[in-house]
Every structure is written in structure tokens, then in C-alpha cells.
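Some notes on the structure that comes next.
The values are calculated or read from the model by the stated rules, or taken from the named source; none is laboratory data. Bear in mind that the values here come from a model prediction, so they are computed numbers and not experimental data. Neighbour counts are summed over all protein chains in view; Cβ atoms, including those assigned to glycine, are modelled from backbone coordinates with ideal geometry. Areas reflect the complete protein model, heavy atoms only, side chains present, ligands, DNA and RNA absent. Shrake-Rupley method; radii C 1.70, N 1.55, O 1.52, S 1.80 Å.
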Amino acid sequence: MDLKVSVLGFIVGVLVGLTGMGGGAVMTPALILLGWAKPVIAVGTDLVWGALTKGFGGFVHYRQKTVDFAIVKRLAIGSIPGALAGLALLAYLKARGGDTMDKVVVQMLGVALMCVAVSLLFRSLRSLLTKPAAEPVVFRGPLWLTSVLGAVVGFLVSLTSVGSGSLIIACLVVIYPMTPLRRIVGSDIVHALFLVGVSAIGHLGIGSINAPLLGGLLIGSIPGVWIGSKMSAFFPEKVLRPVLGTTLLFLGYKLL
């Protein structure tokens, strides 16, 4: 199974390098549907994998000065407590025993995937139907709105490993329309490093990490991320986005 795991890691790594999203949204349901890990183990293993890969990406964005630490702080104020709440729920469900924990994780994962898929498809449709305005309408929500977004996504990430990239970026583009996309992406990756790191540590405490599976994924994903990052310079994301959205919609439907 090691070679197959590394191939999956490579495919997801290329996807992450191309779009900056899709790690948790593709990796976790793939591990579950392929029968390689139980739902909670798939989530925990993917979170540790995500923390390691996002650490590299966050360093690169920090060196490029494409990080807005004010946005990172506002997100973290909500996301860290949200993640802790999700971990507390998992610990409670584990204490109850049986398959309750896995059932809750699968249902939440299915819902999260459907939300991400709808977000991607909506963005694709909007980019096709609208033309960029000369002076875009500025919407600056209250500061607490960013923290509320962080809390909701933090809760989802600790339960499903999905949302730290795709959901947050989609919302930040609306909340901070005058902020360059590269700074939004950089801020999201640095914030996700903290969020995914806290969630991963919590899953380590729960005991939901498969170390051999994690090693196999990293062997394939490290070169995959590098190749995907190189391809992103010329590969049109607008072509890949609807394909990814449709795939996630199907995966979410299968899990539900």
C-alpha cells in the first residue's frame, strides 16, 4: 500500500501547489473512501500532513512579505478556540465509545465538502458572468466578523481537516476586497499553520494519527507540491477550479 499512498500524496501535493487548496478536502475523503483509514484517523493524519506542508508554504510567504499579520491575528482569535471546541467534542464522543465519533466525523466531513464545492463552483460561475470593475466595491466588515469566520472554520477543521484554505480564502476575498490576493493567500497559509498545528496536536493526544500512512503521504507530496508550485506559473486556475468543485461535490455526496 505504500506506493499507492505515495501516489495519492503526489497527486494531492500537485493540487495544493497549483491552487493552494484541496489538501484536506481531497486527502481525507480519499483515505476514507479507499478504506486506508477510519474517519478520525484520516482526519488526524491529514492534519499533521497539512501542518508540515503549510509550515514550508508559510515560510516562503513570510520571506516574500505577502502576509498580513492583522488578518492572521483576527482569524486566530476565533479559530483557536473553535478548534479546541471541536477537539473537546471528539474527546467526548470517543469517551462514549462505539462508532459515534466516526459517524459524526463522516457527516461533518460530507457537509464541509459540499460547502467548499458550492463555494468553488460559485466563484467559477461569477468569474465567467462578471467583468472586473474599474473601481471595485469595497466591503470592510467589522473586525469581529473575521474572528467569527475563524471560529466556524476552526471548529470544522478540528473535526474534518477541511476548510483552512478554501473556505477562509473565499470569505476573505469578500471581507477584504482591496487586499491583493497574494496577501490573502499568504495570510491564510500562515494562519492555517497555527490552526492546523493546534488541531494536529489535539489529534496526537487523542491518538488518531497513523505514522506509517503519514510517512507514505509525505514521500509523494513533497515533490508534488514543488511541481505544482512550478506549474502554477502557467496553468490556468480557472480551468481547474470547476473540476475540483465538481469532484468535491461528488465526494461529499458519497460520504453523506
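Of the residues making up region 83-98, none is at pLDDT below 90, among the hydrophobic types (A, V, I, L, M, F, W, C) and closer than 24 Å to Gly228 by Cβ.
Restricting to region 152-182, name every residue that is of a type in the set (Ser, Thr, Tyr) and not in a helix (DSSP H, G or I). Before you say what the answer is, go through the steps one by one.
Going residue by residue through region 152-182, those that are of a type in the set (Ser, Thr, Tyr) are 158, 160-161, 164, 166, 176, 179.
If the condition is that a residue be of a type in the set (Ser, Thr, Tyr) and not in a helix (DSSP H, G or I), then Ser161, Ser164, Tyr176, Thr179 are the ones that fit.
Elements of the type helices (runs of 4 or more DSSP H) sitting completely within region 1-115 and holding at least 3 residues that are of a type outside the set (Gly, Ala, Ser) and without any contact (Cβ under 8 Å) to a residue 12 or more places away in the chain: these cover 39-63, 69-96.
When the residues of region 64-100 are filtered to those that are within 19 Å of His203 (Cα to Cα) and of a type in the set (Ser, Thr, Tyr), the one that is most open to solvent (accessible area, probe 1.4 Å) is Tyr92. Taking the criterion of being polar (S, T, N, Q) and open to solvent by less than 50 Å² (accessible area, probe 1.4 Å), the only residue of region 101-123 that qualifies is Ser119. Can you tell me which residues in region 92-116 are closer than 19 Å to Ser164 by Cβ and out of contact with any helix residue (DSSP H, G or I) (no Cβ under 7 Å at 6 or more places or on another chain)? Correct list: Val111 only.
So Pro132 fits all but one of (1) surrounded by fewer than 22 Cβ atoms within 10 Å (Cβ to Cβ); (2) at pLDDT 85 or above; what number is the exception? Result: Pro132 passes all but (2). The residue list Val185, Val225 contains one member that is closer than 21 Å to Ser124 by Cα, under 17 Å from the mean Cα position of the chain (by Cα) and either assigned to a helix (DSSP H, G or I) or hydrophobic (A, V, I, L, M, F, W, C) (or both), which is Val185. Among the residues of region 197-209, which ones are surrounded by fewer than 20 Cβ atoms within 10 Å (Cβ to Cβ) and either polar (S, T, N, Q) or part of a helix (DSSP H, G or I) (or both)? If the condition is that a residue be surrounded by fewer than 20 Cβ atoms within 10 Å (Cβ to Cβ) and either polar (S, T, N, Q) or part of a helix (DSSP H, G or I) (or both), then Gly197, Ile201, Leu204, Gly205, Ile206 are the ones that fit.
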